[in-house]
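Inspection log for the structure reproduced underneath, given as structure tokens.
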Amino acid sequence: MAVAMNVEHLPIFGDRSAEARLLMKMDEIIDTSSEIKASSELGSAIMSSARLLDGSSSSVDLSFLADYSIKFQGCHHITTWNNNAAYESDLRVATKRLVRFRLCPSGSCQARSDGCSSKYGDYVVDMSTFVQTFLQARAYARSYQCSLHAATCEDSCSASDDQTSCQLSCYAGYGLNYCVQSSTTEESSFDPLNYATCSAYSFWNQTYSSYYSYYVGPYCANQGGSIYLGLFTDNTCTAFVSDGKSAFAKKAGFDLPFSQESLISYDCFSCKEPASTSNVDDTYYTNANDQADSDNVKEFCETVYAKAGRCESKMSISYPNEAACTYIKGIKLINNSGVMRTHSVRKSKAASVTIGLFTTLAVMLGAYVFYLRNKLGRAKISLSSQG
């Protein structure tokens, strides 16, 4: 559920001018709408915002992405005015969440670091877009991996009295524990993709024999290092339900998935589509690898790149886009709750000189007092000895 935000009226919690400038710059360089469906084709509307071959050409070149991998670097959120608030109960202050990621050359991308230290590009994109397309890409990839062993597992379990258990064991042998659904409970059918954007989740009230709704959506956790699902009271997923984890478990009868495990990992995700495998079902392969288009770039990478604000000053590509460099530099600092701090303490030469001068004078004054005290002490001793 996308909610348009107006950044002209902001509850400022830091440097008013610095934060306002960064937020307005953000809306200029980042497409934060969340209406795109990850399962759909990108379409010309999205691709029109992608990197062009030249300044005037209408053709789009994203083929260079095949040589890169995406590395999730963290997330943050910004408090903004909710211009869509129409009712008294609607929140006037809403939360806009963003993800920062890096494009690294695939040969040098490492999971346990910033990804890479050279020839990279830094990007910031709306969290819903990133999470939705990531989860859809993962679903396609999993379908593809399952299809590779589907025939083998079906054949080996053809004579089994318990097809489900047999196939679970078969796929587990390949490290694929997600290919067969072992039950049809509400917990097992919970799909995080349905809550990549803030969406209603209904609970059954036995007392009144009716449903009532809260909202589930992604948010920044662990100082911006993870993306969890949380339970909220409003349709912008701004106001958390008190003790949301326990509340969801009590109402739903199971723990909220991804409330303690990040939706997004720190692995490097290659943007290159895998090579075709002749013995794989074409339907699975087409969905898994985005073969409908003419390039060899995964749709996940195409989508987040096209929608992101970019800082490509360190990339070895033609026509690097540097429109978001100032903004990305300004969001490096976040507090413990993942809230962006757009201002930092700058050193002042005048203040440093003044502090240094007063410190020196204080030390000298202390030394002089110590000298006088010793001198007076010696004088008293001298007078006493003479008396």
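Please pick out the residue among Thr164, Thr129, Thr152 that is of a type in the set (Val, Ile, Thr) and under 24 Å from Ala323 (Cα atoms). Don't jump to the end; show me each part of the working.
Numbers: Thr164 fails: under 24 Å from Ala323 (Cα atoms); Thr152 fails: under 24 Å from Ala323 (Cα atoms).
When all the criteria are applied, what remains is Thr129.
On the given criteria, is Ala94 modelled with pLDDT under 80 and surrounded by 15 or more Cβ atoms within 10 Å (Cβ to Cβ)? Working first, answer last.
Details: modelled with pLDDT under 80: yes; surrounded by 15 or more Cβ atoms within 10 Å (Cβ to Cβ): yes.
So Ala94 passes the test.
Looking only at segment 149-180, count every residue that is in a helix (DSSP H, G or I) and buried (at least 17 other Cβ atoms within 10 Å of the Cβ) and tell me the total. Working first, answer last.
Filtering segment 149-180 down to residues in a helix (DSSP H, G or I) leaves 149-156, 163-172.
Add one more test, that the residue is buried (at least 17 other Cβ atoms within 10 Å of the Cβ), and what stays is 149-150, 153, 166-168, 170-171.
So the count comes out to 8.
Test of understanding: among Ala141, Ala200, which residue is assigned to a helix (DSSP H, G or I) and either open to solvent by less than 60 Å² (accessible area, probe 1.4 Å) or aromatic (Phe, Trp, Tyr) (or both)?
Values: Ala200 fails: assigned to a helix (DSSP H, G or I).
Result: Ala141 is the single residue among Ala141, Ala200 that is assigned to a helix (DSSP H, G or I) and either open to solvent by less than 60 Å² (accessible area, probe 1.4 Å) or aromatic (Phe, Trp, Tyr) (or both).
So for segment 244-259 (the condition being part of a strand (DSSP E or B) and open to solvent by less than 20 Å² (accessible area, probe 1.4 Å)), does at least one residue qualify? Break it down into steps so the answer makes sense when it comes.
Keep residues of segment 244-259 that are part of a strand (DSSP E or B), which gives none.
Looking through segment 244-259, none of the residues is part of a strand (DSSP E or B) and open to solvent by less than 20 Å² (accessible area, probe 1.4 Å).
Within the bounds of segment 134-148, is there any residue that is within 29 Å of Cys311 (Cα to Cα) and in contact with a Ser or Thr (Cβ under 7 Å, 6 or more places away or on another chain)?
Within segment 134-148, one or more residues are within 29 Å of Cys311 (Cα to Cα) and in contact with a Ser or Thr (Cβ under 7 Å, 6 or more places away or on another chain).
Taking the residues in segment 203-223 that are under 20 Å from Val241 (Cα atoms) and not in a strand (DSSP E or B) as candidates, determine which candidate is least open to solvent (accessible area, probe 1.4 Å).
Only one residue tops the list, namely Asn222.
The values are calculated or read from the model by the stated rules, or taken from the named source; none is laboratory data. Quick caveat, the model's predicted, so the values are computed rather than measured. Note: ideal-geometry Cβ built from the backbone for every residue, glycine included; neighbour counts use all protein chains shown. To get the accessible areas, we keep the full protein, side chains included, count just its heavy atoms, and leave off ligands, DNA and RNA. Shrake-Rupley method; radii C 1.70, N 1.55, O 1.52, S 1.80 Å.
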